[in-house]
Structures are given as structure tokens and as C-alpha cells.
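Take a look at the structure set out below.
The values are calculated or read from the model by the stated rules, or taken from the named source; none is laboratory data. From a predicted model like this one, the values you see are computed outputs, not experimental measurements. Positions of Cβ are generated from backbone atoms using ideal geometry, with glycine treated the same way; all protein chains shown enter the neighbour counts. Accessible surface areas use protein heavy atoms only, side chains included; no ligands, DNA or RNA. Shrake-Rupley method; radii C 1.70, N 1.55, O 1.52, S 1.80 Å.
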Amino acid sequence: MQFAHFTLAYWCVLVASLLPIACAGIAKAGMFGKSRRLGGFDNENPRAWLARQTDWRARANAAQANSFEALPFFIGAVIIAHQLGAHQARLDILAFLFVVLRMMYIMMYVSGMATVRSLVWSLAFALNIAILFVGYR
């Protein structure tokens, strides 16, 4: 029996899938041991708690939402590129760069660097389109 192996691009899908969870962790950082009356994280009503956050916590939560939004296109592009028989090294490099840009995007978002964040988002989106078409012949 032969087992399929994970390509670097598939590992990048896993990492990209974990990025929204990392963003949620950033938004909640330091608030788990704090009393709810004092503004600590409310696990009984986490969405309402996150909606009340401001500044970098609110931006981390927004980065979480955007990371979830970017995920289906990335997953689809990687799968389609594999199905089309894309050159594996090119696909792996593009997928890796996408994940790196998405990590930079999160850092820029949380830091409040809106212009740079938008530029990085645009680059990552363009890379995702490139991933989709890397196997096109």
C-alpha cells in the first residue's frame, strides 16, 4: 500500500488554518486569569467579550476574521494547482510565501499599520491567484 505524502504546499494549508486560532489567542492574551468583572476573558460569552475589545485586541480579532476569510481561496488554489499538475517546487514556494505574507499581515494588523497591512494583503491575494494558475497549461 502506498501512502501519499504531504507536500510543502499542503503543510502551508495546515499552517494557514492555524493562523486564525493564533489571532484569537493574541486577542485574548493575558485575559484568562482575570475576573470577568474586571474585564477578563468571558468564556461563557466569548463573541460578546471580543466585540467589546478595543485597540490591538480588536484588531487581532479582526485579523482572525480576515484569516478565516482568506482560507477557502488558499485551500482551493492549492488543491486545484495540485490537480492540474503544477510544478511542485513553484507551488511550494508560492504557498510558503503566501503563509509568510499572511503572518506579516497579522503582525501589521495588530500593530495598527493599516497602509502596510493593506499592501501585504494585496501581495498575498496576488500570490493566491498565482497559486491558482501555477498549474495552468
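Could you please let me know if Gln64 is in a loop (DSSP other than H, G, I, E, B) and either under 26 Å from Ser118 (Cβ atoms) or modelled with pLDDT of 85 or more (or both)? Full working, then the answer.
Numbers: in a loop (DSSP other than H, G, I, E, B): no; either under 26 Å from Ser118 (Cβ atoms) or modelled with pLDDT of 85 or more (or both): yes.
In short, no.
On the basis of being open to solvent by less than 40 Å² (accessible area, probe 1.4 Å), among the acidic types (Asp, Glu) and either closer than 19 Å to Val15 by Cβ or modelled with pLDDT of 95 or more (or both), does Asp92 make the cut?
Values: open to solvent by less than 40 Å² (accessible area, probe 1.4 Å): yes; among the acidic types (Asp, Glu): yes; either closer than 19 Å to Val15 by Cβ or modelled with pLDDT of 95 or more (or both): yes.
For Asp92, the condition - open to solvent by less than 40 Å² (accessible area, probe 1.4 Å), among the acidic types (Asp, Glu) and either closer than 19 Å to Val15 by Cβ or modelled with pLDDT of 95 or more (or both) - is met.
Filter segment 27-56 down to the residues that are out of contact with any Lys or Arg (no Cβ under 6 Å at 6 or more places or on another chain), crowded, with 19+ Cβ neighbours inside 10 Å and not aromatic (Phe, Trp, Tyr) and list them by number. Hits for segment 27-56 are Lys28, Leu50.
Do we find that Trp121 is farther than 30 Å from Phe6 by Cα and touching a helix residue (DSSP H, G or I) at 6+ places or on another chain (Cβ under 9 Å) in this structure?
Values: farther than 30 Å from Phe6 by Cα: no; touching a helix residue (DSSP H, G or I) at 6+ places or on another chain (Cβ under 9 Å): yes.
No.
Hey, Ala60 hits all of (1) more than 13 Å from the chain's Cα centre (by Cα); (2) of a type in the set (A, V, I, L, M); (3) open to solvent by less than 60 Å² (accessible area, probe 1.4 Å) but one; which does it fall short on? That leaves (1) as the condition not met.
Among the residues in segment 105-116, are any under 20 Å from Leu8 (Cβ atoms) and open to solvent by 50 Å² or more (accessible area, probe 1.4 Å)? Within segment 105-116, not a single residue is under 20 Å from Leu8 (Cβ atoms) and open to solvent by 50 Å² or more (accessible area, probe 1.4 Å).
The requirement of being touching a Phe, Trp or Tyr at 6+ places or on another chain (Cβ under 9 Å), surrounded by fewer than 18 Cβ atoms within 10 Å (Cβ to Cβ) and in a helix (DSSP H, G or I) is not satisfied by Phe98. Restricting attention to segment 76-89, does a residue exist that is surrounded by fewer than 16 Cβ atoms within 10 Å (Cβ to Cβ), more than 17 Å from the chain's Cα centre (by Cα), at negative phi and small (Gly, Ala, Ser)? Yes, some residue in segment 76-89 is surrounded by fewer than 16 Cβ atoms within 10 Å (Cβ to Cβ), more than 17 Å from the chain's Cα centre (by Cα), at negative phi and small (Gly, Ala, Ser). In this entry, Pro72 is excluded by the filter for residues that are more than 28 Å from Ala130 (Cβ to Cβ), open to solvent by 40 Å² or more (accessible area, probe 1.4 Å) and free of Cβ contacts under 8 Å to residues at least 40 places away in the same chain.
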